[in-house]
Amino acid sequence: MAKKKASALLAVLTAFAVLTACAGNSGGSKSPAAGPNNNTQTATETPAGTKKEPVKISIMANLHTPEVPDDTIEKLLEEATNTDLKIQWVPDGSYDEKMNASFATGTLPQATYIKNQTSLVMLRDAIRNDQFWEIGPLLDQYPNLSKLQKEVLANTSVDGKVYALYAERPLSRQGFIYRKDWADKLGLSAPTTTEEFFTMVEKFTTDDPDGNGKDDTIGMTDRSDFVYGAFKTVASWFGTPNNWGMQDGKLMPEFMFPQYMETLQFFKRIHSAGYMNQDFPVTSKTDQQSLLITGKAGVYVGSMGDVAGLDQKITEVNPDALLDVHHKVSGPNSEYGTWAIPGFGSVVLFPKSAVKSEEELKDVLSFYDQLMSAELMNLITWGIEGKHHTIEDGKVIPSTDTALTDRETKPYLSLQIGGISTIDGMLEAKHLLPSKAKAEELIVDNNNYLIHDPAAALDSLTYNQDGARLQEIIKDASYKFMLGNIDEAGFQAAVDQWLKQGGQKIIDEYNASYAAAK
């Protein structure tokens, strides 16, 4: 497979020849970019031909694997970009807590990844207070960073100004993964309505789907994540708005819509019948997935793309297990819909407490401009050809050694900037697993059924200051309702508390922002 290579990457591959016997073919069609001008020439050679000292760059990144990664990929990145990287890996479950603590103590690194849209919203006041560098006016100076989509950058902006680089994400990966072998044994088809879904989780619990003669299975496994767990996806099936919706011409929060209460009642029904893990409000993602992998549960609601990793692990436990994916489920009074993100997952900000000057900022942006080249983005996405993946028909076949990829490549996905629509020559996967190929098709199909958040680009000062605290009132009441600890009146009392403690101000401010944006 013919590919162009830049001298910087060739130097890396030579230096790590023992690891890269086949790596000369691992890149795309574009070479790692040098800085766009003399101020960002840090990763190339000086005009005199003498290589500059590596630029030191500190990074805080989200760790989605159990252990800190091997530094093989990191060393390759350093050689290719002439940098000395200091990456602080923080486990996903405690990431926001660590990031907020570091911000409070002024110890954030030069490049700080923000976990998701909600975490970014919580930093808007700090951004307004000049705690982070505005980078929007600089992006056009960089050949790769300038390709970031203006619409997505706008969704990350604060008061129309861009402070963040973003990692591109599909608008909706949501659906569910289920034990097809169990469904086939019980004569169940993929559910298309919420009642059929209920029947599936019921039968997976009561009808001995694994055939061992024991009452030891549950229908659904869930976790303590109100967004990326099961709740928000199922809420979409009932027609619940995505965070905010229009009610009588006015923006109102999702939990003040009847569809939200229908979803709570649906979960309460499943939980009280014993068709899901009873401790789901305190269950981690690892434990949630373990219930499926070990054959204790039959349905996993969330990202359909997770099927590949789950399939690998479940067949190690039970070679006869068969997973499948599905997405279109409609509620009794609604057509199928799925909540959408605003085009990005994580973002990276540049704290002024760590980046002391515009020249230093340009050094860091130069690193990210190079990182956004096809060669380096393919490297952190897929690793080294011949070791972490192979190429077939111009597409990537990842190694089946998930222990190896979890240790050496998967964590570096957290460093991603941009994505397939903004990086020429970025390699795509060739999915040999039928359920994974189907999942990717359904993720694309979800684009036809998106429920967008109408308040994504709007602003509320009160929400920025108190939104996280106030949301805990609703989250706590939602869990209590689903567990059967409060009734509808108790939930409404929590909503009233939310309104009195600042929620009404949030509603008013979002509507004012919406009116101003028209």
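The values are calculated or read from the model by the stated rules, or taken from the named source; none is laboratory data. What you see is a predicted model, and the numbers here were worked out from it, not measured in a lab. Please note: Cβ atoms are built from the backbone with ideal geometry, for glycine as well, and neighbour counts cover all protein chains shown. Heads up: the accessible areas ignore ligands, DNA and RNA and are worked out on the full protein's heavy atoms, side chains in. Shrake-Rupley method; radii C 1.70, N 1.55, O 1.52, S 1.80 Å.
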*For helix 434-445, what angle does its Cα long axis make with the longest principal axis of the chain, in degrees from 0 to 90 and rounded to 10?*
90 degrees
*So for the pair GLU359, PHE226, with labels modelled 7 Å out along Cα→Cβ, what separation do we get in nm?*
4.8 nm
*asked:* Restricting to lysines 8 or more places apart or on different chains, can you count the pairs in the stretch 364-476 with Cα atoms under 19 Å from each other?
replied: 10
*Under a 1.4 angstrom probe, counting protein chains only, how are ASP248, ASP159, ASP496 ranked by accessible area, largest first?*
ASP248, ASP159, ASP496
*asked:* Below 29 Å, Cα to Cα, which lysines can LYS161 reach? Residues fewer than 8 away in the same chain don't count.
replied: LYS56, LYS86, LYS98, LYS115, LYS147, LYS150, LYS250, LYS352, LYS356, LYS362, LYS505, LYS518
*the stretch 389-512, accessible surface, carbon-and-sulfur percent (1.4 angstrom probe)*: 51 percent
*Within the accessible area of the stretch 111-161 (1.4 Å probe), percent carbon and sulfur*: 47 percent
*Expressed as a rounded percentage, what relative contact order does the chain have, with Cα pairs under 8 Å and six or more residues apart?*
24 percent
_Using only the alpha-carbon atoms of the stretch 303-414 as identical scatterers, what base-10 log of I(q)/I(0) does the Debye formula give at q = 0.16, 0.23 Å⁻¹?_
-1.02, -1.30
*Expected-Rg normalisation [2.2 N^0.38 Å, Cα atoms] applied to the stretch 412-478*: 1.71
*FRET efficiency for VAL68 and ALA273, using Cβ-Cβ distance with R0 set to 41 Å, rounded to 0.05*: 0.50
*Please give the length that would be gained between LYS98 and ASN129 if that part of the chain were fully extended, namely 0.36 nm times their separation in residues minus their C-alpha to C-alpha distance (nm, one decimal).*
9.1 nm
*Identify all lysines with a Cα-Cα distance to LYS480 below 22 Å; exclude those on the same chain that are fewer than 8 residues away in sequence.*
LYS232, LYS268, LYS285, LYS500
*With no solvent and one equal point scatterer placed on each C-alpha of the stretch 105-260, evaluate the Debye formula and give log10 I(q)/I(0) for q = 0.10 Å⁻¹, two decimals.*
-0.61
*Rg in Å to one decimal, and Dmax rounded to a whole Å, for the stretch 432-518 via C-alpha atoms*: 18.4, 54
_Let me check against my output: what whole-number percent is the relative contact order of the stretch 107-204, with C-alpha pairs under 8 Å and at least 6 apart?_
18 percent
*In Å³ and rounded to a whole number, note down the convex hull volume per residue for the Cα atoms of the stretch 369-514.*
210 Å³
_Folded to 0 to 90 degrees: helix 488-498 orientation relative to the chain principal axis, Cα_ = 40 degrees
*Taking +1 at the Cβ of each Lys and Arg and -1 at the Cβ of each Asp and Glu, which of HIS389, LEU361, ASN378 sits farthest along the dipole of the stretch 354-410 towards its positive end, judged by Cα position relative to the Cα centre?*
HIS389
*Taking the simple approach of a point 7 Å from Cα along Cα-to-Cβ for both GLN465 and ASP487, what is their distance in nm?*
3.8 nm
*Set of lysines with alpha-carbon distance to LYS214 below 16 Å, sequence-local pairs under 8 removed*: LYS185, LYS203, LYS296
*Per residue, how much space in cubic angstrom lies within the convex hull of the C-alpha atoms of the chain?*
145 Å³
*Over the residues of the stretch 173-256, compute the C-alpha Rg and express it relative to 2.2 N^0.38 Å.*
1.37
*Kindly give the semi-axes, whole Å and largest first, of the ellipsoid equivalent to the stretch 216-317, taking each as the square root of 5 times a Cα gyration tensor eigenvalue.*
29, 15, 10
*Putting +1 on Lys and Arg Cβ atoms and -1 on Asp and Glu Cβ atoms, find which of PHE198, GLY213, GLY175 reaches farthest to the positive end of the dipole of the stretch 152-221.*
GLY175
_Keeping every protein chain present and rolling a 1.4 Å probe, give me the accessible area per residue for the chain in Å²._
42 Å²
*Could you state the angle between the C-alpha long axis of helix 194-206 and the longest principal axis of the C-alpha atoms of the chain, as a value from 0 to 90 degrees rounded to the nearest 10?*
80 degrees
*Per residue of the stretch 389-404, in order, report the coupling 6.51 cos²θ - 1.76 cosθ + 1.60 (Karplus, θ = phi - 60°) as ³J(HN,Hα) in whole Hz, putting x for Gly and Pro.*
6, 10, 10, 9, 6, x, 10, 8, 10, x, 4, 7, 7, 5, 4, 5
*Which order do TYR95, TYR228 take when ranked by solvent-accessible area (1.4 Å probe, heavy atoms of all protein chains), largest first?*
TYR228, TYR95
*Enumerate by residue number the trypsin sites (Lys or Arg not before Pro) in the stretch 200-237 meeting two conditions: DSSP loop (anything except H, G, I, E, B), and at most 16 other Cβ atoms within 10 Å of the site's Cβ.*
LYS214
